1. Let me cross-check A:H253: its accessible surface, 1.4 Å probe, with only protein heavy atoms counted, in Å² to the nearest 10?
2. Computing the accessible area with a 1.4 Å probe over protein heavy atoms, can you report the carbon and sulfur percentage for the protein assembly as shown?
3. So which residue, out of A:K251, A:K265, A:K139, gets the largest mean-square fluctuation from a GNM of chain A using Cα contacts under 10 Å as springs?
4. Got a sec? Which residues of the range B:12-28 lose 50 Å² or more of accessible surface with every protein chain in place, vs. that chain alone, 1.4 Å probe?
5. In terms of the Cα gyration tensor, with a ≥ b ≥ c the square roots of its eigenvalues, is the range B:45-132 rounded because a/c is under 1.5, prolate because a/b exceeds b/c, or oblate?
6. For the range A:244-334, what class follows from the C-alpha gyration tensor (a ≥ b ≥ c being the square roots of its eigenvalues): rounded when a/c is under 1.5, otherwise prolate if a/b is larger than b/c, else oblate?
7. Using alpha carbons only, how many angstrom separate the centre of the range B:65-117 from the centre of the range A:242-275?
8. Ordering A:T40, A:T289 from largest to smallest accessible area (1.4 angstrom probe), what's the sequence?
Amino acid sequence: MAISTDITERKDAEQSLQFSQSNLTALIENTDAIIYSIDTNFLYTAFNKSLRDKLKLNYDLDLKIGDHVNRFLEKIDPKEARQLRSKLIEAMKGDRIKFEQESTFGRVYNCSSVSINPILEDETVIGLSCLVYDITQQKLEQLQKEKMSTDLIQRNLNLEQFTFIVSHNLRGPTANIIGFSEYLQDENITLKEQKELQHGLSKSVIALDVVIKDLNSILQIKSEVNEKKEVITFSKIVEDTITSIADIINKHHVQVSVDFSEVDKIFSLKIYIASIFYNLISNSIKYCTPNEPPRIEIKSKRENDKIILTFKDNGLGIDLKKQGVKIFGLYNRFHSHVEGKGMGLYMVKTQVESLGGTISIASQINKGTKFTIEFDNQNQNDTNNKTLHSR
Amino acid sequence: MTRITKRFILVEDDELSNFISKRALKLSLGKIHIDDFTIPENGLEFIKSRSSHASHDGKTTIFLDINMPTLTGWEFLDEFELFDQSIKDQYNIYILSSSVNIDDINRAKINPLVVDFIEKPLNKAAVVKLFG
């Protein structure tokens, strides 16, 4: 009797073990998450369907129990593989590790959350269990949210700038118009005075018109971004710019030297690139060192996925400690001796940023100025691809 | 009895605005002396160089613009603040600006160096109210 009871108990135990194992297998197999375990020699001891399918689909790899992790790691981007290896090594020391891994397979952006847990037996690590699940969607949504708030902040700043423009640049000529017309209404003015006042009135009206036109071209920037991009040749843009301002170039004996040997083409919006070149070149001439022919050096180079343009001159320069924050601001001017509206650099910055680039300045008084523009060449297409492929 | 000649300094880069201010002052106050500076740095230099002249004829009034290319009105005030008290005592500064921005107006009102904020254009009525 006692024996048979023992068998029943064992049978029950076996049955329940089998039952819980099938449950466990079902759990592991029926998830999109990748689950696998390896031993201390970095050989696979178990893996689920998700990993098997993924490796088959993406790398045509038939993974078997006992394979070395490198069979898979050799196939992926060396940088990602290195990161993963060092995490595995870390976990083998007994640490639980959780991190996010971003990767690009072909053009598809992917982000996974990876947790690696040591498997312990008698307080010794005998292997690792790994759980990898896809968080691409959440990541993209998060990126989109971040982009939205950056856009909103930028828009707010623009609005603030418009308040300033209204206060100072539209109100300025308007106040003058009020002033002149008040005097013109006075019956006791002489003919000579009348002429003088009319002249002032007309000048103020023209000044007002200029500001209105400026506002229009600034607002236009926002709508033009969606226009068609094309392949643009830097050397051709420089040539066109020089031709368009040939008079000034000759008058000031301007020397323009270019080096586009590394990159001479960019896929972008032509009117913007042309405007950026025009504004930076004419700025260098406008603020040149007196009695010294302006020298302008324009270079392009490729760094990682970026196209970098530099514009360097031997002009007056600017005290960045004093004026640094304002340099790209609208209607900010830094020299009284030449006519300037304070629009040029604002337009350049807005256009560079609309194209997804950045601009920075290095300058010293009497030592010249250098503008550096970076265009993220990949970025323009990538953002679209990320969203496209993940949906 | 000799009438004291009132003295004024305009610090403003817009010449049209200066023309209007000068006319308003002259029409309302008659014989006065006006120095105008379209470059604010030159205005500061002038004030500094005149420091030895002890003032016998009352305080000089400065009309100061805010938005100027090389030095804003606020920066002008920062520089002015560094002058000797004996110099500062010789001047009354008014901000004369086209700004309708409440921030600018309050910033002028709270500045201890500024007597008041005056909205452009400066006209006879405003001058009479100030000095009449």
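The values are calculated or read from the model by the stated rules, or taken from the named source; none is laboratory data. Small disclaimer: the values here were computed from a predicted structure and weren't measured. As a convention, Cβ positions derive from the backbone with ideal geometry for all residues, glycine included, and neighbour counts pool all protein chains shown. The protein model used for the area step is the full one, side chains on, heavy atoms only, and it has no ligands, DNA or RNA in it. Shrake-Rupley method; radii C 1.70, N 1.55, O 1.52, S 1.80 Å.
1. Per-residue accessible area (A:H253): approximately 130 Å².
2. 52 percent
3. A:K251
4. At a threshold of 50 Å² (probe 1.4 Å), the residues of the range B:12-28 that become less exposed are B:L16, B:F19, B:I20, B:R23.
5. Values: a/c = 2.01, a/b = 1.28, b/c = 1.56.
Oblate, because a/c is 1.5 or more while a/b does not exceed b/c.
6. Working: a/c = 1.69, a/b = 1.24, b/c = 1.37.
It is oblate, given that a/c is not under 1.5 and a/b is not larger than b/c.
7. Here the two parts' Cα centres lie 43 Å apart.
8. A:T40, A:T289
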